[in-house]
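The values are calculated or read from the model by the stated rules, or taken from the named source; none is laboratory data. Values in this document were obtained by computation on a predicted structure and should not be read as measured data. Neighbour counts run over all protein chains shown; Cβ positions are idealised from the backbone, glycine included. We work out accessible area using only protein heavy atoms, side chains counted, and drop any ligands, DNA or RNA first. Shrake-Rupley method; radii C 1.70, N 1.55, O 1.52, S 1.80 Å.
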Amino acid sequence: MKKVITVVKGDGIGPEIVEQALKVLDRVAALFGHEFEYQEILAGGCAIDRYGEPLPPESLEKCFCCDGVLLGAVGGPQWDVGPGHLRPERAVLGMRKAMGLFSNARPAYLYPQLAAASPLKPSLAENGIDLIIFRELTGGLYFGRKETFTAEDGLMTAADELVYNEEEIRRIARVAFETARGRRKKVCSVDKANVLETSRLWRQVVEQVAEEYPDVEFRNLLVDNAAMQLVANPAQFDVVVTENMFGDILTDEASMITGSIGMIPSSSLGYGKVGLYEPIHGSAPDIAGKDIANPIGTILAAAMLLEYSCDMKEEAEAVRRAVNNVLDAGYRTADIFPKDAGMAAGLTKVGCRTMGDLITEGVKK
Ligand code: NAD
């Protein structure tokens, strides 16, 4: 099969981690007889430097003529001083919005080999963590009207509007229930229905959708309780579905309990098959260019791209197996290498490039 992949290396560690994922994709192409054409675009801080804007129209255009977009990360302190619309992060928000990507999926899986890297007590980590959070991506606070003004009392005041309509809620709820059917058949919807009007609508609509899936166990949870339950007993969760801001926060929490933010991929999809795939972390300027970043989140994002946008499930599984085998063989990047000398026995610390090479070589049919 021939597939066109738009590649956004971005800023900070973006270029070095994406390079590792491309090696893995090349290996998949050679082994399985596919052809991947990469069209590289500039977005984020590097696009601001070159074109004066984070997402130039010519970059965005290429996101529409491809099978999937693979993104490293964007941003960095040198661009934090500009006005809001000129921030690198606008590139990612702009792509999601323009491409109609309303459903962001972030799996949080604790590899048993990394149990010691999880900040959870061993007794909790041993129960396993294997959940997926669906975060609504194009509505809510982040996209509502924003204003800063001087109120009648003379005080500087700011407001962010939080709006959801029933269709925005229904479509992401359906994605969550459909996914649950292929997993352990449990959905937990997270809201703040005791306080927010939008959450009350959220709950009402998700409950309606739940009735269409009698084979899936369903429950609601308030967001503060969900945040607590995620660290108290993460094994209870299978599929979680929630709105934009709650999802933003809970997904970072869920990623941390799996050991490192560098391990987790994410996909953003709309109604069609073309999606945006990226690791969940940012551009990590503190470690950029040092060859110590963990490329696994990006490599697993490429695996998601193969499965969801290219119909290549077998190939995606081959990549996941390679990651698992390399961890089994004891190779670790610095972020997942135990600080404790005893626990580090038998493990080998490797850089970003070597980790990429090991996983590439490990991809087998
Ligand atoms: P970050 O995720 O970049 O880094 C947080 C911490 O995790 C740092 O200590 C970093 O070294 C570490 N880390 C992150 N990825 C790692 C990896 N692959 N391997 C090893 N360690 C890793 O978050 P931040 O420091 O808050 O943000 C840095 C920049 O990234 C900011 O400009 C922010 O706006 C941007 N950002 C971009 C995205 C995106 O592109 N989608 C997402 C989040 C943040």
Restricting region 335-365 to residues that are under 16 Å from I17 (Cβ atoms) and at pLDDT below 95, the one surrounded by the most Cβ atoms within 10 Å (Cβ to Cβ) turns out to be I336
Flagged in region 231-266 as surrounded by 23 or more Cβ atoms within 10 Å (Cβ to Cβ) and of a type in the set (A, V, I, L, M), in numbering order, are V239, V240, V241, A254, M263, I264
So the check is Cβ under 9 Å with 6+ separation or different chains; which pairs have a first residue in region 1-29 that's under 20 Å from Y308 (Cα atoms) and at pLDDT below 95 and a second one that's in a helix (DSSP H, G or I) and of a type in the set (G, A, S)? none
Wholly enclosed strands (runs of 3 or more DSSP E) of region 207-313 bearing at least 3 residues within 14 Å of the ligand (Cβ to nearest atom) and modelled with pLDDT of 95 or more: 265-269, 275-279
Would you mind stating whether C46 is on the phi < 0 side of the Ramachandran plot and more than 16 Å from the ligand (Cβ to nearest atom)? no
Quick one: is E136 crowded, with 19+ Cβ neighbours inside 10 Å and among the acidic types (D, E)? yes
Suppose the filter is in a helix (DSSP H, G or I) and in contact with a helix residue (DSSP H, G or I) (Cβ under 6 Å, 6 or more places away or on another chain); does R320 pass it? yes
Please determine whether any residue of region 41-51 is of a type outside the set (D, E), loosely packed, with under 15 Cβ neighbours inside 10 Å, modelled with pLDDT under 95 and not in a strand (DSSP E or B). no
Among residues of region 69-113, those that are out of contact with any strand residue (DSSP E or B) (no Cβ under 6 Å at 6 or more places or on another chain) and farther than 29 Å from N165 by Cβ, counted: 15
Go through (1) more than 20 Å from the chain's Cα centre (by Cα); (2) surrounded by fewer than 20 Cβ atoms within 10 Å (Cβ to Cβ) one by one and return the number of the condition R321 breaks. (1)
Region 72-181: strands (runs of 3 or more DSSP E) wholly inside it with 1 or more residues that are within 16 Å of the ligand (Cβ to nearest atom) and either of a type outside the set (A, V, I, L, M, F, W, C) or on the phi < 0 side of the Ramachandran plot (or both) are 103-109, 130-136
Collect the residues in region 187-206 that are touching a Phe, Trp or Tyr at 6+ places or on another chain (Cβ under 9 Å) and not in a helix (DSSP H, G or I), keeping them in residue-number order. V187, C188, S189, V190, D191, K192, A193, L196
Taking region 17-40 and keeping only residues that are within 14 Å of the ligand (Cβ to nearest atom) and open to solvent by less than 30 Å² (accessible area, probe 1.4 Å), one is left with I17, V18, Q20, A21
Pairs, please: C-beta under 9 Å, at least 6 apart or cross-chain, first residue open to solvent by less than 30 Å² (accessible area, probe 1.4 Å) and in region 78-92, second among the aromatic types (F, W, Y) and assigned to a helix (DSSP H, G or I)? P88/W79
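Quick grid of which residues meet (1) surrounded by 17 or more Cβ atoms within 10 Å (Cβ to Cβ); (2) in contact (Cβ under 8 Å) with a residue 24 or more places away in the chain:
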position: A116; (1), (2): no, yes
position: T148; (1), (2): no, no
position: G154; (1), (2): no, no
position: Y164; (1), (2): yes, yes
position: R170; (1), (2): no, yes
If D328 satisfies every condition in (1) within 22 Å of Y38 (Cα to Cα); (2) open to solvent by 50 Å² or more (accessible area, probe 1.4 Å) but one, which is the exception? (1)
Considering region 131-146 alone, what residues qualify as being in contact (Cβ under 8 Å) with a residue 60 or more places away in the chain and not β-branched (V, I, T)? L131, F134, R135, E136, L137, G139, G140, L141, Y142, F143
Considering residues of region 268-312 that are under 13 Å from the mean Cα position of the chain (by Cα) and of a type in the set (V, I, T) only, the residue most open to solvent (accessible area, probe 1.4 Å): I280
Note down all Cβ pairs under 7 Å where the first residue falls in region 199-212 and is under 11 Å from V187 (Cβ atoms), the second is open to solvent by 10 Å² or more (accessible area, probe 1.4 Å) and part of a helix (DSSP H, G or I), and they're at least six residues apart or on different chains. V209/R170; V209/R174
Any residue that is within 11 Å of the ligand (Cβ to nearest atom) and either part of a loop (DSSP other than H, G, I, E, B) or closer than 24 Å to L230 by Cβ (or both) - is there at least one of those in region 62-69? no
